[in-house]
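Scroll down for the structure; my scribbles are underneath it.
The values are calculated or read from the model by the stated rules, or taken from the named source; none is laboratory data. The structure displayed is predicted, hence computed values, not measured ones. So basically every Cβ, Gly included, is an ideal-geometry build from the backbone, and we count neighbours across all protein chains shown. What goes into the accessible areas is simple: the full protein's heavy atoms, side chains included, and nothing from ligands, DNA or RNA. Shrake-Rupley method; radii C 1.70, N 1.55, O 1.52, S 1.80 Å.
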Amino acid sequence: MIKTFSTQIKPSVKAILGGTFNPPHKGHIGAALKAADEIGINLVHLMPCKLAPHKSVGVSETHRVKMIELCAQNNDRLIPELIELTLPSPSYTVKTLRALKEKSDDTICFFIGADSLYNLDKWYEWENLLDYCHLVVMRRDDEQFSPPPAVQAWLDCHVTNDKNVIHVKPAGHVVLTNTPLYSVSSTEIRDVLANAKSAVKAGTPNSSSVSSSNLWLEESVLNYINEHQLYKS
Ligand code: ATP
């Protein structure tokens, strides 16, 4: 007689930070790992979205993926998640979450910065996001937490102080984390990298802003940017 065991595998919790990652920087990584620590998760998936050509600032999807892979090679808590690049354009988070759910039963914790949360009501089908995931919000600036009224009203129904909820419920909650501030954005880094060349050309290199921007990049990412001459104006 063949013995059968009832081996119900508990779905695991998958943390995902979606973004343009143009380029990925230590603000993304630092905040996401701290948020993951707060909710008791080890791995964070970095999920690049599709970009409309006019928003890519001359940097192809292949370059963005490569830079994410370099970050992941440097840190065994990071994993690239490329599903959004396989879906039709433009990227809509709610559609991506649905696609992820079709692939696996994992509980999804979708990480966003507070700045993105403030714009959440502009996202496609934003009120359905929590059907598929928990939202985990990372701090982005020093200002008092002040989402617009529509988002605040929605948060009032969904925010929980119980950070353990993500391990017991499959979806439906928002967790506001207390991550340290990482005052950097990809836009700032692109600006510094673009101006660095013209500043040097003009004989007025602004070395302090260039080096401080470099500090926000993984060394391998900075080398990749230099090697491929990305973000030059
Ligand atoms: P850009 O300046 O090009 O808009 P960005 O630096 O904001 O880019 P994205 O790739 O658009 O980076 O961000 C992906 C996600 O990471 C967003 O939810 C964003 O709020 C969050 N994020 C980005 N930078 C930080 C940071 N320094 N601290 C916390 N969260 C961040």
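Of all residues in the range 37-52, those that are buried (at least 23 other Cβ atoms within 10 Å of the Cβ) and in a helix (DSSP H, G or I) total 0.
Among residues of the range 214-233 that are more than 18 Å from residue 26 (Cα to Cα), those with a beta-carbon under 7 Å from a residue that is open to solvent by 30 Å² or more (accessible area, probe 1.4 Å) and among the basic types (Lys, Arg) at least six positions away or on a different chain give the pairs 232/197; 233/197. Considering every residue within the range 160-174, establish whether at least one is within 16 Å of the ligand (Cβ to nearest atom) and either touching a strand residue (DSSP E or B) at 6+ places or on another chain (Cβ under 8 Å) or β-branched (Val, Ile, Thr) (or both). Yes - at least one qualifying residue is present in the range 160-174. Listed by first and then second residue, the pairs with beta-carbon distance under 7 Å, at least 6 apart or on different chains, first residue in the range 22-34 and among the polar types (S, T, N, Q), second at pLDDT below 95 and open to solvent by less than 10 Å² (accessible area, probe 1.4 Å), are 22/59. In the range 21-28, is there at least one residue being at pLDDT 95 or above, farther than 20 Å from residue 132 by Cα and away from the ligand (no atom under 11 Å from the Cβ)? No: the range 21-28 contains no residue that is at pLDDT 95 or above, farther than 20 Å from residue 132 by Cα and away from the ligand (no atom under 11 Å from the Cβ). For the range 53-67, the criterion of being open to solvent by 40 Å² or more (accessible area, probe 1.4 Å), hydrophobic (A, V, I, L, M, F, W, C) and modelled with pLDDT under 95 is met by at least one residue. Would you be able to tell me the number of residues in the range 91-107 that are over 17 Å from the mean Cα position of the chain (by Cα) and open to solvent by 50 Å² or more (accessible area, probe 1.4 Å)? Residues in the range 91-107 being over 17 Å from the mean Cα position of the chain (by Cα) and open to solvent by 50 Å² or more (accessible area, probe 1.4 Å): 5 in total. Only a single item in (1) open to solvent by 80 Å² or more (accessible area, probe 1.4 Å); (2) among the hydroxyl-bearing types (Ser, Thr, Tyr); (3) modelled with pLDDT of 95 or more is not met by residue 179, and it is number (1).
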